[in-house]
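Enquirer: Would you mind keeping the following structure in view while I ask a few things?
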Amino acid sequence: MKLVLAIVSNDDASAVTSALTKNNFYMTRLSTTGGFLRAGNTTLIVGTEDDLVDKCIEVIGSEAKRRTEIVPSTASYDIGRYASFPVEVQVGGATIFVLDVEQFKKL
């Protein structure tokens, strides 16, 4: 048995959870924060059999898409002034960890 931890953008979380449910994967959804933009994201915890891990990752990848967004950035000058200018960054997609599960019990 494997434990899949998938960190996805809040923008993609509903589509990913719906797709996982349609493919008979059960999950726990956690609201988390982090990453480059310190933006909210969602961590999904999925327990699955070893032979279904690739399918789980495929389903997540089909719904969690990378995209480019323009965000404000601030640069500091030595004279104590700051300037704000837009910067393009890649957001979305998924970060996925797959861990071995030594024991699983549902009580």
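Enquirer: Expected output is a single nm value to one decimal: the length gained when fully extending between Ile45 and Asn24, i.e. 0.36 nm times separation in residues minus the C-alpha distance. What is it? Each step should come with its number before you reach the end.
Expert: Working: separation 21, 0.36 × 21 = 7.56 nm, distance 1.40 nm.
Gain in length upon complete extension: 6.2 nm.
Enquirer: May I ask you to derive the FRET efficiency for Glu58 and Phe85 from their Cβ-Cβ distance with R0 = 41 Å, giving the value to the nearest 0.05? All intermediate terms of the calculation are to be shown ahead of the outcome.
Expert: Numbers: r = 39 Å, r/R0 = 0.94.
According to the calculation, E is roughly 0.60.
Enquirer: Now, a different point. Calculate, in nm to one decimal, what Leu99 and Arg66 gain on full extension: separation in residues at 0.36 nm each, minus their alpha carbon distance.
Expert: 9.5 nm
Enquirer: Net charge near Gly61, counting Lys/Arg +1 and Asp/Glu -1 over other residues with Cβ under 13 Å of its Cβ? Walk me through the numbers on the way to the answer.
Expert: Details: positive: Lys55, Lys65, Arg66; negative: Asp12, Asp54, Glu58, Glu63.
With Lys, Arg at +1 and Asp, Glu at -1, the neighbours total -1.
Enquirer: Which lysines does Lys65 reach when only Cα atoms under 20 Å apart count, and residues fewer than 8 places away in its own chain are ignored?
Expert: Lys22, Lys55
We did not get these values from a lab; they are worked out from the coordinates using the rules stated. This one's a predicted model, so the numbers in the text were calculated from it and none came from an experiment. Heads up, the Cβs are rebuilt from the backbone with ideal geometry, glycines too, and the neighbour counts pull from every protein chain shown.
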